[in-house]
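> After the structure tokens below, expect a handful of questions from me.
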Amino acid sequence: MTDESKLIAAAQAGSADAFCGLARLYRERLLRFLLTRCASFADAEDALQDTLIAAFRYIHSYDSRWRFSTWLYRIAIRNAAKLRGPDTVDIGELRDEENDPLQQCIADSETQNLWVSARSTLNDEVFTAMWLRYAEDMSVNDISTTLDRSVSWTKVNLMRGRRALETQMNSVANQSEAYG
Amino acid sequence: MDKLAKQLRADAERIEVTVSDELDRRINASLRAVEPVEQVPRTAKPPFFWLASTLTGVAAAVAVIAIVNWQSPDEQTSATPVNFVAAVPTIDLKAESAMLTGPLQDELDKLQSDLKKAEEKVKRDIGL
């Protein structure tokens, strides 16, 4: 039994301390992910808090056949969507550069971060699939479960996302070569 | 790992986030104030429930057979009845059908969910 499964078992028995320990393992990763989905840093923090509360409240419904992170990300995505409401436009269109929480967390000196361009190039769901695959190292099956999409949809859209970002990456490389 | 995957991984790690002490306190306090929702245990059915439902099922089957067979000879068709049961080859399924169809059903559900989402998106796009 791993440390994580021990903590899960204890949390399922009602231990808030065990769940706090579990939350500590995931909160930075979740916050980083939520920053890409929310309009401000404060929203991302609220979404993180709501996600962890909902996860603890419904910890009994967690099925150990799934990875815990898959279950947690499912809740996080729902919470981030709830904060935005059903009729809002794509999150990339809402932000200006000054208030973009993702931009704020990347040092000014650094070159263009691919995730920033990914967000303006890809739609929300494809972006999330790409994030879960390449930042979280999730399997295609886990991603399709998290997004409540079919495996075929996930594969096709990961491929499309990759193509779009490869083009982006190559054009940045060409630009920097051109400027020396 | 290819170049793009490496770049994406590195760029994700470059996004610096720290959970502030204030947020940490907030989360811990709210987690301690929350009670997990108890899962309602499935109540076991009393033994006579199964007996009663079996008897009801058998009675319904007998009733259907009686109604179907209770016909006057002139109503019966003259055509030679075809024994469909004999005509259809019997497949001896050893594996549980649920195990075989489960993943397909999941995939079907997800495809239907995709379709629904796409439909909603189109409706939203055209302003319905």
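The values are calculated or read from the model by the stated rules, or taken from the named source; none is laboratory data. Note that this is a predicted model, so its numbers are computed, not measured. Cβ atoms come from the backbone with ideal geometry, glycine included; neighbour counts cover every protein chain shown.
> Can B:D21 be described as under 30 Å from A:M169 (Cα atoms) and loosely packed, with under 10 Cβ neighbours inside 10 Å?
Numbers: under 30 Å from A:M169 (Cα atoms): no; loosely packed, with under 10 Cβ neighbours inside 10 Å: yes.
When the stated conditions are applied, B:D21 does not pass them.
> Which condition breaks for B:E22 when tested against (1) in a helix (DSSP H, G or I); (2) modelled with pLDDT under 90?
(2)
> What is the one condition in (1) modelled with pLDDT of 90 or more; (2) outside any loop (DSSP other than H, G, I, E, B); (3) within 24 Å of A:L158 (Cα to Cα) that A:M138 does not satisfy?
(2)
> Now for a different question. Please verify whether A:L132 is assigned to a helix (DSSP H, G or I), free of Cβ contacts under 8 Å to residues at least 40 places away in the same chain and crowded, with 17+ Cβ neighbours inside 10 Å, treating the condition exactly as stated.
Working: assigned to a helix (DSSP H, G or I): yes; free of Cβ contacts under 8 Å to residues at least 40 places away in the same chain: no; crowded, with 17+ Cβ neighbours inside 10 Å: yes.
No; evaluated as a whole, the condition is false for this residue.
> While we're here: Under 7 Å by Cβ, and 6 or more places apart or on different chains, what pairs join a residue from the range A:40-51 that is more than 9 Å from chain B (Cβ to nearest Cβ) with one that is outside any helix (DSSP H, G or I) and at pLDDT below 90?
From the range A:40-51, the pairs are A:S40/A:N99; A:A47/A:C38.
> Report, ordered by the first and then the second residue, all pairs with beta carbons closer than 8 Å, sequence separation of six or more or different chains, a first member in the range A:160-179 that is aliphatic (A, V, I, L, M), and a second member that is surrounded by fewer than 11 Cβ atoms within 10 Å (Cβ to Cβ) and at pLDDT below 75.
A:V172/A:T111
Yes/no matrix, rows are residues, columns are (1) on the phi > 0 side of the Ramachandran plot; (2) at pLDDT 90 or above; (3) away from every other protein chain (no Cβ under 12 Å):
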residue: A:P86; (1), (2), (3): no, no, no
residue: A:E97; (1), (2), (3): no, no, yes
residue: A:S109; (1), (2), (3): no, no, no
residue: A:V156; (1), (2), (3): no, yes, no
residue: A:M169; (1), (2), (3): no, no, no
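> crowded, with 20+ Cβ neighbours inside 10 Å and under 12 Å from the mean Cα position of the chain (by Cα) - does that describe any residue in the range A:6-21?
Scanning the range A:6-21 turns up no residue that is crowded, with 20+ Cβ neighbours inside 10 Å and under 12 Å from the mean Cα position of the chain (by Cα).
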